[in-house]
Every structure is written in structure tokens, then in C-alpha cells.
1. If packing is taken as the average number of other Cβ atoms within 10 Å across a peptide's residues, how do 117-126, 38-47 rank, most packed first?
2. List the relative contact order of region 93-174 as a percent without decimals, with contacts defined as Cα pairs under 8 Å and 6+ residues apart.
3. Below 10 angstrom from the Cβ of Val115, what's the summed charge of the other residues (Lys, Arg +1; Asp, Glu -1)?
4. Highest mean first, what order results for 84-93, 48-57 on Cβ atoms within 10 Å?
5. Roughly how far apart, in whole Å, are the Cα centres of region 135-187 and region 58-99?
6. I'd like the carbon and sulfur percentage of the solvent accessible area for region 49-102, probe radius 1.4 Å, heavy atoms only, ligands and nucleic acids excluded.
7. Please compute, for the alpha-carbon atoms of region 113-158, the extent along each of the three principal axes and give them in descending order in Å.
8. So how much accessible area does Phe216 have, in Å² to the nearest 10, using a 1.4 Å probe?
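The values are calculated or read from the model by the stated rules, or taken from the named source; none is laboratory data. Just so it is clear, the model here is predicted, and its values are computed rather than measured. Cβ placement follows ideal geometry from the backbone for every residue including glycine, while neighbour counts extend to all protein chains displayed. The area values use the complete protein model at the heavy-atom level, side chains included, leaving out ligands, DNA and RNA. Shrake-Rupley method; radii C 1.70, N 1.55, O 1.52, S 1.80 Å.
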Amino acid sequence: TESRKSWLRAGFLVLALGLLAFLALIGPSVLLAEPAAVNGVANPGFETGVKSWKCTNCRITAGAPAQAGNAAGQMRTTSRTARAQLYQNGLDLWPATEYELTFWAKAPNGQDLQVDLYRQTKPFTHYGLDQTFDLTADWQQFTVTFTTAGFDDAVTNGRLRFRAPAGKDIRFSIDDVSLVALSAPPPTSTPPPPPEGSELVVFDWNKPVTTAQKGFPWDNPPM
């Protein structure tokens with residue numbers, strides 16, 4: 001009936017107005033929400049074992065105690081004189097970009113732990129991070145911001161390293177390592193064109209190619 005249709009139209013209008021009011025309340029926050037930052041570190045919580053991590057002058061296992069999840073990186077030094085290094089290679093980095101490093105760590109004997117970021121192959125250029133953190137026997141979260149340096153174009157050869165002091169059987173627990181960019185990378189600049197007259201012509205053929213040349217023109221100027 002017509003009255004029923006009128007009631008349905010009125011009900012639909014009320015629902016539509018309610019939906020618009022709801023979107024008006026949450027719309028700005030949804031539209032302004034930034035996408036989640038991408039962690040440049042693989043297997044950051046050691047939840048898939050020690051995949052992607054390497055340990056020099058040390059042993060690394062995945063297990064308890066963990067700050068979150070089921071596992072953390074359990075590092076134990078094995079050399080009395082050389083400094084142990086737990087690191088991950090192949091990090092993608094943008095030049096002149098602000099990054100934030102965050103991680104959880106603890107050491108039963110309160111040892112310091114150095115963290116740096118550099119090129120994984122010679123000449124081992126530092127990429128803007130080199131800091132030492134004072135660990136305690138309890139879990140602590142550490143955060144540091146820095147700007148990448150030492151390179152002009154995007155690289156895929158970054159090495160993030162946790163470096164222990166010299167000594168054998170020093171133990172560390174490391175968990176939830178995060179390296180994210182806080183700012184957009186700088187715009188790529190286009191090199192300027194070469195100045196006029198800077199080209200050197202070494203071969204200029206501006207005439208037909210004959211059958212006597214067998215399809216391959218060549219220039220044989222006098223000495």
C-alpha cells in the first residue's frame with residue numbers, strides 16, 4: 001500500500017541520515033590515518049627461529065625468556081677477546097631519511113650493547129647510527145631516531161648490528177627489533193644536461209651506404 005511505501009521510504013531516510021552522521025564523526029580520523037610503518041627488519045621477534053640473523057663470535061638461539069610472543073633472540077658470546085656481533089644484512093634504506101630504531105633487550109649482568117648501521121661490504125661505510133645502550137637484568141625498550149648518511153641513492157646493503165663487549169659467556173636477550181622510516185625519502189634529482197659543445201664526435205657518417213661497403217660503413221681518415 002502507499003502508506004507502507006511511505007513508511008519504508010521514511011525508515012530508509014532515517015537510516016541514511018544516521019549513517020551519514022556516523023561517517024561524519026569517524027570520517028576525518030579514517031581519512032587522516034597514516035598507513036602502518038613498514039618494518040625493515042625481517043623476523044624481528046625471532047618467532048621463526050634465527051632465520052635472517054647471523055652471529056659472529058657468539059651463538060644465537062630463539063626461545064624464552066621473551067618480552068612478547070613465544071620467543072626472543074638469546075645471544076651468548078663465545079670469544080674471550082673478540083667482540084660478538086649479532087646482525088642482519090640486506091636492509092633497504094633511503095638516503096637522508098629519518099628512521100626510528102626500537103628494540104627490547106636485557107642482560108643478566110647489566111652489560112652494555114652497541115648498535116650500529118653500516119654498509120655490509122667494504123668500505124663498511126657507516127649509515128648514520130652508532131649508539132651504545134645500558135642494559136639491565138630486566139626488559140627495557142630502547143628507541144633512537146637518526147638520519148641516514150653516507151650514501152646518495154637508495155641502497156639494499158644495510159647491516160644492522162648488535163655488538164657486545166669483549167668477553168666469553170656474556171648473555172643478552174633481544175626481542176621485537178623495529179626499523180622504520182619516519183619521513184619520506186628526498187626527491188630524486190635529475191642530473192643537468194652536459195654543456196653545449198662538450199661532445200666529441202669520433203665517427204660521423206652522413207651519406208648512403210653502398211654495396212661495395214658490404215653494408216658496414218667505416219671511416220678511414222688520413223693520418
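1. In decreasing order of mean packing, 117-126, 38-47 become 38-47, 117-126.
2. After rounding, I find 45 percent.
3. For residues surrounding Val115, the net value is 0.
4. Descending mean neighbour count gives 84-93, 48-57.
5. 9
6. Values: 1130 of 2600 Å².
Solvent-exposed carbon and sulfur of region 49-102 make up 43 percent of the total.
7. Largest to smallest, the principal-axis extents are 39, 20, 14 Å.
8. 140
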